[in-house]
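The values are calculated or read from the model by the stated rules, or taken from the named source; none is laboratory data. Computed from a predicted model, the values in this text were never measured in an experiment. FYI the Cβ positions are ideal-geometry reconstructions off the backbone, even for glycines, and counts take in every protein chain you see.
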Amino acid sequence: MRLLVTGGAGFIGSNFVRLTTAERPDVSMTVLDRLTYAGDRRSLDGLPIRFVEGDIADRDLVEELVREADAVVHFAAESHNDNSIADPSPFVHTNLVGTFTLLEAARRHGTRFHHISTDEVYGDLQLDDPARFTPETPYNPSSPYSSTKAGSDLLVRAWVRSFGLEATISNCSNNYGPYQHVEKFIPRQITGLIDGVRPRVYGSGANVRDWIHVDDHNRAVWSVLERGRIGETYLIGADCELSNLEVARALLEAFGRDPDDIELVADRPGHDLRYAIDASRLRDELGWRPSHPSFRDGLLSTVDWYRENEEWWRPAKAAVEASYAARHQ
Ligand code: NAD
Ligand code: DAU
């Protein structure tokens with residue numbers, strides 16, 4: 001099988017390529033990635049893939065690469081909410097125009113397409129709401145990031161219905177694991193703690209995220225790619241709702257520090273309160289189960305990875321902190 005993996009130099013995409021290399025040696029992969037600030041060629045070092053640096057909105061390049069592929073797994077996106085509030089423009093370009101460009105090429109060539117999306121398309125839940133997101137939850141995105149991801153999902157659905165494209169969509173909750181950019185919550189706090197800086201938590205810290213190890217996300221993507229029903233949406237989550245304060249405390253404990261040594265900083269505008277995934281369809285229909293059921297164990301191995309791979313994250317750290325300082329303090 002020949003896969004075109006977009007965004008394969010980013011956090012989840014590079015873990016997908018590594019997992020696929022280890023577990024499916026029969027799959028050949030071409031990675032298309034623009035190497036934005038979030039993409040890092042080093043995350044793919046040593047992996048037997050073909051790497052193409054380029055933009056998913058480049059029609060000619062996309063045409064050539066989709067023509068050669070049996071399936072497209074589409075990870076590429078602008079992915080960070082805080083950046084989308086500072087400047088939505090690249091989010092419209094990549095998440096909407098880029099996805100449209102890929103869909104048109106897949107339509108021309110009849111190529112199987114899997115679209116990677118987020119639970120944020122559903123908006124947020126109250127803390128005491130017993131509900132969780134299901135594939136039937138109405139779309140209600142809050143940020144420029146989540147609204148462009150919602151738009152990209154709707155493009156995929158329309159291409160299935162109107163053009164018969166063989167596509168599936170998965171909407172996953174918050175991922176953690178190695179190779180995640182230091183702008184994101186968990187790597188930002190781990191690398192801060194390595195530098196002796198206490199965790200910086202937005203608002204009251206009561207916001208809840210539903211955490212999943214990146215390998216569990218990517219194994220679920222493989223389940224959908226191989227056995228998912230065309231036109232369906234699968235929600236991916238591992239039943240791990242935690243408040244940001246709880247995660248910050250777990251990290252402080254991992255560093256042997258006072259678990260309450262947290263700095264509450266200005267909140268994110270429009271900050272979603274709670275996400276929660278009901279992954280019944282994925283579990284019941286496709287038999288998927290997480291292989292990292294313990295968040296604390298996964299978090300400790302992630303801490304170890306950042307301790308052992310400082311040369312990977314250090315070059316980006318100062319600039320990320322400077323931009324947070326300009327926005328939040
Ligand atoms: P990331 O920001 O770490 O990586 C994104 C990658 O896309 C980077 O390598 C970047 O260079 C590349 N890219 C950006 N614009 C591009 C363009 N125009 N052309 C080609 N490549 C481009 O993101 P991530 O966290 O790995 O997320 C991957 C996907 O998973 C995204 O679609 C995101 O919406 C989705 N997702 C992420 C999470 C999460 O917790 N991180 C959860 C659910 C879904
Ligand atoms: O739910 C899936 C989404 O998860 C993905 O679609 C996004 O691509 C991914 O970035 C992530 O979005 P969040 O906005 O939830 O992730 P982030 O890591 O930015 O923040 C997680 C929570 O932590 C959120 O409630 C904001 C908060 N936060 C974040 C940072 C960077 C802090 O309290 N302090 C921080 O310094």
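Some observations on this one:
- Considering the range 93-118, the residues that are hydrophobic (A, V, I, L, M, F, W, C) and not in a helix (DSSP H, G or I) include one that is nearest to ligand 2 (Cβ to nearest atom), namely ILE116.
- Helices (runs of 4 or more DSSP H) contained entirely in the range 225-329, each with at least 2 residues that are within 14 Å of ligand 2 (Cβ to nearest atom): 244-254, 295-308, 310-328
- Flag for ARG42 being more than 20 Å from ILE169 (Cβ to Cβ), surrounded by fewer than 16 Cβ atoms within 10 Å (Cβ to Cβ) and without any contact (Cβ under 8 Å) to a residue 60 or more places away in the chain: no
- Taken over the range 266-306, the criterion of being out of contact with any Phe, Trp or Tyr (no Cβ under 6 Å at 6 or more places or on another chain) and hydrophobic (A, V, I, L, M, F, W, C) is satisfied by ALA266, LEU273, ALA276, ALA279, LEU286, TRP288, LEU299, LEU300, VAL303, TRP305.
- HIS80 vs. criteria at pLDDT 95 or above, over 25 Å from ARG229 (Cβ atoms) and more than 16 Å from ligand 2 (Cβ to nearest atom): no
- Output for the range 143-175, where each listed residue is near ligand 2 (Cβ under 9 Å from one of its atoms) and of a type outside the set (S, T, N, Q): TYR145, LYS149, CYS172
- Considering (1) surrounded by fewer than 19 Cβ atoms within 10 Å (Cβ to Cβ); (2) in contact with an Asp or Glu (Cβ under 6 Å, 6 or more places away or on another chain), the lone condition that GLU308 does not fulfil carries the number (2).
- Applying the set (1) buried (at least 20 other Cβ atoms within 10 Å of the Cβ); (2) within 15 Å of ligand 1 (Cβ to nearest atom) to ALA106 leaves exactly one unmet item: (2).
- Inspection of the range 265-274 finds no residue satisfying the criterion of being within 14 Å of LEU242 (Cβ to Cβ) and in contact with a helix residue (DSSP H, G or I) (Cβ under 9 Å, 6 or more places away or on another chain).
- Which listed residue is touching a Ser or Thr at 6+ places or on another chain (Cβ under 7 Å), farther than 19 Å from ILE190 by Cβ and of a type in the set (Ser, Thr, Tyr), from TYR306, TYR234: TYR234
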